[in-house]
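To keep things clear, I will list the structure first and then write my remarks on it.
The values are calculated or read from the model by the stated rules, or taken from the named source; none is laboratory data. None of these values were measured; they are calculated from a predicted model. Here the Cβ positions follow ideal geometry from the backbone for every residue, glycine too, while neighbour counts run over all protein chains shown. Just so you know, the surface numbers come from the protein's heavy atoms only, side chains and all, with ligands and any DNA or RNA stripped out. Shrake-Rupley method; radii C 1.70, N 1.55, O 1.52, S 1.80 Å.
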Amino acid sequence: MKHTATLTVRSYECDSYNHVNNAVYLNYLEYARMEFLRAVNFDYEGVIEAGYYLYVTHVDIYYKASAILGDELFIEVEPIKTKSISGTFSQIVKKSDGTICAQAEVTWACVTKEGRPAPIPKEFMVEGLMPTRRTE
């Protein structure tokens, strides 16, 4: 399932050139992933209560074009790989005119409270976490 979250660039997210600071894109990606998890009915709070955490383990991001104050951004999230312990999301940040500002692959893993890798309990593995298209 692909999900799109929307937000508007705020003044405190911009650098002295009036561009969104590169580090802020990581916040945008996080926001969109959480919106995606809500949309697919993933019980994030339940996972934590059950003694597990989902950690981001790797972010591969390419910055393509600048976003500026007031731009409306659309952040697409789509799972492209899911394993028992980990997965990868494809994320694209676009302006309303379709210009791609950033493109990322974000890998996550499930761990216990002690930080040991663990499979996501089956009761939390919702269909929306599964990729809808094949990737090579």
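For the reader, a short list of remarks on this structure follows.
- Label corresponding to Rg/Rh (Cα atoms, Kirkwood Rh) when calculated from the structure given, among [x] 0.95; [y] 0.98; [z] 1.00: [z]
- Distance between the pseudo-spin-label points of Ile48 and Glu72 (7 Å out from Cα toward the beta carbon): 3.1 nm.
- Accessible-area order (highest first, 1.4 angstrom probe) of the listed residues Arg38, Arg33: Arg38, Arg33
- In this structure the chain gives 57 Å² per residue of accessible area when probed at 1.4 Å with all protein chains present.
- With a simple spin-label model that places each label point 7 Å from the Cα along the Cα-to-Cβ direction, the separation between Asn18 and Asn41 comes to 4.6 nm.
- The range 72-113: GluC sites (Glu not before Pro) in DSSP loop, at most 10 other beta carbons within 10 Å: none
- Selected from Ile85, His58, Met1, residue furthest toward positive end of dipole (the chain; charges at beta carbon): Ile85
- 14 Å cut-off, amide nitrogen to a point 7 angstrom out along Tyr63 Cα→Cβ, residues in the range 13-36: 13-28
- Annotated for the chain: lysine pairs at least 8 residues apart or interchain, Cα distance under 16 Å, count 5.
- About the Cα centre, charge dipole magnitude for the range 1-125 (Lys/Arg +1, Asp/Glu -1 at Cβ), debye: 300 debye
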